[in-house]
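The values are calculated or read from the model by the stated rules, or taken from the named source; none is laboratory data. Computed from a predicted structure; not experimentally measured. Methodologically, a virtual Cβ is constructed for each residue, glycine included, from the backbone with ideal geometry; neighbour enumeration extends over all protein chains shown.
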Amino acid sequence: MSRVEIEKKIQSENDRVAEGNRRIFNDAGVFVLNIISSPGSGKTTLLEATLDRLADKLNIVVIEGDISTERDMDRVRARGASGVQINTGGGCHLSSRMVADALGKIDLGPADLVFIENVGNLVCPSTYDLGEDVRMVLLSTTEGDDKPMKYPAIFHEASLAVMNKIDLLPHLTYDMEKVEKEIRVLNPESEILRLSALTGEGMDAWIEWVENGMRRKKAELEG
């Protein structure tokens, strides 16, 4: 069997399990976001800032993906989330099977919203469906403005791009307009938000986006 055939078989099995995850999420009526980014772009900080604004009124579940440790899971639990840590032991992305196994440990009954924080990597997670409603890519201004064309797959696949750490723009040579233009070349339908999870700038628009996504999902399920 060739490498291409093996990769297709792996992807086919992943997609099959992802559909099962999607049915579970839909049956529970939860809105699910799969957050993908480079290490250090601010995924967990964004989740903390989001939980600070929503945990009092919503039941939020977080599935944390990391190679090792539960440090990020500890951080979001401290902000009011429940959920499960997945340690890949060296794997560079979460698979739908890993998420399916995690769902066996989670009570989605009272849940309103699920965040999947993928392993920090812009390459491996890009084409792995986990059963999410939205695949989101998070960029930070400190990474440099060359990422979309260097890692096109994730920007092609993601329906939402969030630009984090905009509070640092005055101190960087970062061409935001170029980055957004390149994202739209790769995916004309992509939505783009700018924010700073640390200072709170742009967070109101992000929270509104999440709440609108929840409402759309509810309407689709009821329709």
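Couple of notes before you dig in:
- Odd one out for residue 86, checked against (1) in contact with a Lys or Arg (Cβ under 7 Å, 6 or more places away or on another chain); (2) buried (at least 20 other Cβ atoms within 10 Å of the Cβ): (1)
- Restricting attention to segment 104-128, the residues that are among the acidic types (Asp, Glu), closer than 26 Å to residue 195 by Cα and not in a strand (DSSP E or B) total 1.
- Residues in segment 67-84 that are in contact with a helix residue (DSSP H, G or I) (Cβ under 7 Å, 6 or more places away or on another chain) and either closer than 14 Å to residue 120 by Cα or charged (D, E, K, R) (or both): 3 in all.
- Applying the set (1) within 21 Å of residue 23 (Cβ to Cβ); (2) in contact with an Asp or Glu (Cβ under 6 Å, 6 or more places away or on another chain); (3) charged (D, E, K, R) to residue 107 leaves exactly one unmet item: (2).
- Unmet criterion (only one of (1) assigned to a helix (DSSP H, G or I); (2) over 28 Å from residue 114 (Cβ atoms)) for residue 210: (2)
- Test for residue 123: is it in contact (Cβ under 8 Å) with a residue 24 or more places away in the chain, buried (at least 16 other Cβ atoms within 10 Å of the Cβ) and either aliphatic (A, V, I, L, M) or in contact with a strand residue (DSSP E or B) (Cβ under 7 Å, 6 or more places away or on another chain) (or both): no
- Within segment 28-57, the residues that satisfy the criterion of being free of Cβ contacts under 8 Å to residues at least 40 places away in the same chain and part of a helix (DSSP H, G or I) are 51, 52.
- All positions within segment 58-79 that are farther than 23 Å from residue 204 by Cβ, in a helix (DSSP H, G or I) and within 15 Å of the chain's Cα centre (by Cα): 72, 73
- Taken together, the residues in segment 139-156 that are more than 22 Å from residue 44 (Cβ to Cβ) and touching a Phe, Trp or Tyr at 6+ places or on another chain (Cβ under 8 Å) amount to 2.
- The residues on offer are 13, 5, 48, 19, and the sole one that is within 17 Å of residue 134 (Cβ to Cβ) and either at pLDDT below 95 or out of contact with any strand residue (DSSP E or B) (no Cβ under 7 Å at 6 or more places or on another chain) (or both) is 19.
- Qualifying residue in segment 94-106 (condition: buried (at least 19 other Cβ atoms within 10 Å of the Cβ), under 19 Å from residue 190 (Cβ atoms) and either free of Cβ contacts under 8 Å to residues at least 40 places away in the same chain or touching a Gly at 6+ places or on another chain (Cβ under 7 Å) (or both)): no
Conditions tested, residue by residue: (1) surrounded by 14 or more Cβ atoms within 10 Å (Cβ to Cβ); (2) in a helix (DSSP H, G or I); (3) basic (Lys, Arg).
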| residue | (1), (2), (3) |
| --- | --- |
| 148 | yes, yes, no |
| 162 | yes, no, no |
| 179 | yes, yes, no |
| 189 | no, no, no |
| 198 | yes, no, no |
| 215 | no, yes, yes |
| 219 | no, yes, no |
